[in-house]
Structures are given as structure tokens and as C-alpha cells.
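Visitor: Sharing a structure, written as C-alpha cells. Questions coming.
The values are calculated or read from the model by the stated rules, or taken from the named source; none is laboratory data. Everything numeric here is computed off the predicted structure, so don't read it as measured data. Neighbour counts run over all protein chains shown; Cβ positions are idealised from the backbone, glycine included.
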Amino acid sequence: MSGFQHAGVTKGIMVVLGITTLTISLLGAKPYAHLQLVPHITKYRQYWRAPLHPFAFANSTELLVGELLLYNIGRGIERSFGGRKFASFVVVSTAMSAALCFVTLVLLHRFGLNAVPAGPYGLIFSLLWQYARTVPSLYTFKVCGVPFTSKMFVYILAAQLASSWMPGSILAAFAGLLTGYLYRTDTPFLLPSLNRPRRLWRPLKAYRIPESVFRLLERLFAPLIGSSTAPRRSSRVLPGQVRDGREEFEGGIRGLLAARAGLNTPARAPETGTPETPGGGGARAAVGEWVTGRGGARAPTEAEITAISSMFPNLSRDAIVQALQRHDYNTALAVEALLEQGG
């Protein structure tokens, strides 16, 4: 998929998250997905819930909202971080937010806060903090006089996810936001290190997973994730833009116009100083205004009218405007139609 170019880690997380959520749903294992202190951990000693609960959502609604957030937030953050740093960020955010949730449950379970939902809430809201701090808004708008930005739609999805399993989802969202905040600070933490010299006390943003481990995971998940091609660039040419190979394109159009007019004038070569034909300037102007596709309802511009009037000086302005309107303001097609009428 072209939207995941340079965002392979985000794509892998979304694919794995979808597979794990579907698997626990088919196996009827949803009651085992969330993290609950009493009685699952205190009585039944199900300690595996603490590290495993971020790896799958419990229902399809949370999965849909989580995937939308990962797609809209994760791709941009990964492209700005780079693959290895982003993978390290995912590991740190997931581990630290899970630890914060577990410690909070231990401290506050007597006040009714006993469980947090299944799913990567910590990672998503840690990404949301990076998104809020690093990604600028594209535009602003007002609703009933209240100003909003383009990022408001992401925040609405995040608010829906945070309120999906209250009060546990609020705790998981707050743990993720706190992790995102701590990641951007220089507060030292005790982090494992395989590199030399080994620095155990480092900021969270200084942690990197080993290069060998990152490459190994990249090779293992490549068949599952696949490759992502670059987004297809539009071939549409707007007025004032220049298409690649302009000289060859203009030469072909100029030859067509000359043949229609019954002229025997060769096209000007780009490298030589051969003078243009008297109608060459009009042809160049016509090519400069070449527009592919169908245009919207508008008035012809002065440049379009001038380009045609320079080739048809005896033609009235109204006739030129009508010709442009009949051909959706495509100057080349309008010129060809006028030549056919004159012939």
C-alpha cells in the first residue's frame, strides 16, 4: 500500500494487532485479554496478563478506532523518527505504560480501580502526545464561532477510545500520555544496554533496540507485511505548471496546429536559435495553458483568451469565450475546433 511507504513498523503493528484481535475472538479468549488485579492476579496468579494485555483489543469497535489512530498518527511519527528509533519508541512506550498501569492498579484498587482494558492504549496515547507536540495543523475552521484545527478529528477518535472502557481506559490513556511526555524529557531511567560502553541510566529517547535484532525482525515480518510503493503522482497539469519534456510536447502541438492551418513551418529546436513562426508565441501560450481532465464552471482567464486571440486576430472575444467554454477551457482543443470551423 502506497500510504505506508517508509512506515513499515506502523504497518506491521496494525497487521499484527488485527490478527491477534481476530484470533482471541475466534478462540473465545476475550475474558483473558484484559488486565485485572483482583482476582486474576492476586488470587489466580495470572501474572502473564500484565505483559500480554497490550497486544490485542477485546472487540471490533476498539480495534477499528485504534487502527484509524495508528494509521493517522503512527505513519508521520515513524517517518520523522526513522524505523529503528520508532521501533525502540514502541518498545519503550508499551513496556512503560503497562508498568504504570499495573502500579496504579496496585495502589488504587481499594478505591474501585481494579482493571484496564486489553489493547495498546499506552502506545497509541504516547504516539498522540508526540503528534500533538511535533505535527503542525494543516488548517483551521470555526463551528458556531469556536475555532478548531485539522487535528481535532484525531483528538475526537482518541477521546472515543479513552472513554470506551471507563474508568480503566482513562487510566490506560493517562499512562500513555505520561509515557509520551517522559519520552520527550531528559529524565534518566534504568534501561538495558547491549552496546559498549554500557550506559544504564539514560533518557527514554536515547534507548535503541540492537541493530541486529531490528534487522532480524525486519526479515521475519517482511513476508507478512509486504512492500509499500511510493504514492502515485498525479499527471494532471494545471495552468502555469510545466510538464517534463515540455519542448517535445510543445513541438508536437505546434506541428499539429501548423498542419491544421495549412502552414509548412518546422518546429523550433530547443538548443538552436531558429526563429519561431509568427504563430509560435500563441502556440506556446496555448501549451502553457494545457489542462487535462474536465474543469469546473468558471470564466476564461485573460491568458487563455489572449493565447487564442493572438492566433485568430479577426475572431471576436465572444466567439473565443464560447469555444473555451464548449471545451472545458482546454485551450488546445478550443484552437483545434476553431481551425476546423475556419477550414
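Visitor: Quick check, is residue 194 in the same structural domain as residue 17 (by TED's automatic domain parsing) and either modelled with pLDDT of 85 or more or not in a loop (DSSP other than H, G, I, E, B) (or both)?
Guide: no
Visitor: Of all helices (runs of 4 or more DSSP H) completely enclosed by the range 1-101, which ones contain at least 1 residues that are among the basic types (Lys, Arg)?
Guide: 8-26, 49-52, 75-81
Visitor: Could you say whether any residue in the range 146-157 is surrounded by 21 or more Cβ atoms within 10 Å (Cβ to Cβ) and closer than 25 Å to residue 18 by Cβ?
Guide: no
Visitor: Being more than 28 Å from residue 153 (Cβ to Cβ), in contact (Cβ under 8 Å) with a residue 12 or more places away in the chain, surrounded by fewer than 17 Cβ atoms within 10 Å (Cβ to Cβ) and assigned by TED's automatic domain parsing to the domain that holds residue 119: is that true of residue 103 here?
Guide: no
Visitor: In addition: Determine whether the range 117-127 contains at least one residue that is over 25 Å from the mean Cα position of the chain (by Cα), in the same structural domain as residue 39 (by TED's automatic domain parsing) and modelled with pLDDT of 95 or more.
Guide: Looking for residues that are over 25 Å from the mean Cα position of the chain (by Cα), in the same structural domain as residue 39 (by TED's automatic domain parsing) and modelled with pLDDT of 95 or more, one finds at least one in the range 117-127, hence yes.
Visitor: Of the conditions (1) among the polar types (S, T, N, Q); (2) crowded, with 18+ Cβ neighbours inside 10 Å; (3) over 21 Å from residue 98 (Cα atoms), residue 169 satisfies every one except a single condition; which number is it?
Guide: Evaluating residue 169 over (1) among the polar types (S, T, N, Q); (2) crowded, with 18+ Cβ neighbours inside 10 Å; (3) over 21 Å from residue 98 (Cα atoms) leaves (3) as the failure.
Visitor: Can you work out which of the residues in the range 139-175 that are of a type in the set (Ser, Thr, Tyr) and outside any loop (DSSP other than H, G, I, E, B) is farthest from the chain's Cα centre (by Cα)?
Guide: The qualifying residue farthest from the chain's Cα centre (by Cα) is 169.
Visitor: Right, next: Of (1) crowded, with 16+ Cβ neighbours inside 10 Å; (2) touching a residue at least 60 places away in the same chain (Cβ under 8 Å), residue 50 satisfies all except one. Which?
Guide: (2)
Visitor: In this structure, does residue 61 turn out to be in contact (Cβ under 8 Å) with a residue 60 or more places away in the chain, of a type in the set (Ser, Thr, Tyr) and surrounded by fewer than 17 Cβ atoms within 10 Å (Cβ to Cβ)?
Guide: Taking the combined requirement at face value, the residue satisfies it.
Visitor: Okay, next question. May I ask you to list the residues in the range 33-47 that are surrounded by fewer than 16 Cβ atoms within 10 Å (Cβ to Cβ) and touching a His at 6+ places or on another chain (Cβ under 9 Å)?
Guide: If the condition is that a residue be surrounded by fewer than 16 Cβ atoms within 10 Å (Cβ to Cβ) and touching a His at 6+ places or on another chain (Cβ under 9 Å), then 38, 42, 46 are the ones that fit.
Visitor: Can you tell me which of 82, 28 is under 27 Å from residue 207 (Cα atoms), assigned by TED's automatic domain parsing to the domain that holds residue 101, without any contact (Cβ under 8 Å) to a residue 24 or more places away in the chain and surrounded by fewer than 17 Cβ atoms within 10 Å (Cβ to Cβ)?
Guide: Just a single option satisfies the conditions, and that option is 82.
Visitor: What residue, of 42, 61, 104, is within 30 Å of the chain's Cα centre (by Cα), over 24 Å from residue 221 (Cβ atoms) and not acidic (Asp, Glu)?
Guide: Step by step, each of 42, 61, 104 is checked, and only 61 is within 30 Å of the chain's Cα centre (by Cα), over 24 Å from residue 221 (Cβ atoms) and not acidic (Asp, Glu).
Visitor: Within the range 119-126, is there a residue that is in contact with a Cys (Cβ under 9 Å, 6 or more places away or on another chain) and within 20 Å of residue 56 (Cα to Cα)?
Guide: Looking for residues that are in contact with a Cys (Cβ under 9 Å, 6 or more places away or on another chain) and within 20 Å of residue 56 (Cα to Cα), one finds at least one in the range 119-126, hence yes.
Visitor: Failed condition for residue 287, given (1) crowded, with 19+ Cβ neighbours inside 10 Å; (2) at pLDDT 80 or above, with all others met?
Guide: (2)
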